[in-house]
Amino acid sequence: RKRRLLVRVRDVESAQRVLTAAGQPAEILQDGTLVLKDAGSVEHPDDTNRLLVNAGISPTQLMVDDEDLEQYFLRMVGADRRMQDE
């Protein structure tokens with residue numbers, strides 16, 4: 001199962017630059033949420049929070065998202081279908 005850290009901030013691009021420079025690559029979702037998938041970020045969200053705050057970027061939301069069994073199943077079935085289509 002996948003775990004990821006979801007972060008919302010007011011200045012997404014600046015936050016992404018700060019995180020990437022610190023070795024925590026972040027993807028930006030369509031809704032502006034930053035997603036960090038590395039184990040360090042997921043296991044220690046407080047470190048990510050501190051990094052952003054020290055850079056002058058205060059998170060408005062910080063949440064570890066743990067994929068539930070249904071999401072896992074749908075992802076696995078989707079991956080299986082994609083492989084069959086190739």
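The values are calculated or read from the model by the stated rules, or taken from the named source; none is laboratory data. All values derive from a computational prediction rather than experimental measurement. When we count neighbours, we look across all protein chains shown, and the Cβ atoms used for this are built from the backbone with ideal geometry, even at glycine. With ligands, DNA and RNA removed, areas are computed over all heavy atoms of the protein, side chains included. Shrake-Rupley method; radii C 1.70, N 1.55, O 1.52, S 1.80 Å.
If I go through region 38-69 residue by residue, how many of them are touching a Leu at 6+ places or on another chain (Cβ under 6 Å), closer than 16 Å to residue 25 by Cβ and without any contact (Cβ under 8 Å) to a residue 24 or more places away in the chain?
If we filter region 38-69 for residues that are touching a Leu at 6+ places or on another chain (Cβ under 6 Å), which is where we start, we get 41-42, 45, 49, 59, 63-65.
Filter once more, so that each one left must be closer than 16 Å to residue 25 by Cβ: 41-42, 45.
Remaining after also requiring without any contact (Cβ under 8 Å) to a residue 24 or more places away in the chain: none.
Of the residues in region 38-69, 0 are touching a Leu at 6+ places or on another chain (Cβ under 6 Å), closer than 16 Å to residue 25 by Cβ and without any contact (Cβ under 8 Å) to a residue 24 or more places away in the chain.
Only residues that are in a loop (DSSP other than H, G, I, E, B) and either in contact with a Gly (Cβ under 9 Å, 6 or more places away or on another chain) or within 16 Å of residue 61 (Cα to Cα) (or both): list them for region 1-29, please. Break it down stepwise before answering.
Within region 1-29, the subset in a loop (DSSP other than H, G, I, E, B) is 1-2, 9-11, 22-26, 29.
Result: 9, 10, 11, 23, 24, 26, 29.
Hey, can you tell me all the residues within region 26-50 that are touching a helix residue (DSSP H, G or I) at 6+ places or on another chain (Cβ under 7 Å) and open to solvent by 40 Å² or more (accessible area, probe 1.4 Å)?
Matches in region 26-50: 28 only.
Within region 59-76, take every residue that is part of a loop (DSSP other than H, G, I, E, B) and modelled with pLDDT of 95 or more and give me the one that is least open to solvent (accessible area, probe 1.4 Å). Talk me through it step by step, then tell me what you get.
To start, the set of residues in region 59-76 that are part of a loop (DSSP other than H, G, I, E, B) comprises 59-60, 67-68.
Then keep just the ones that are modelled with pLDDT of 95 or more; that gives 59-60.
Numbers: 59: 32, 60: 78 Å².
The selected residue is 59.
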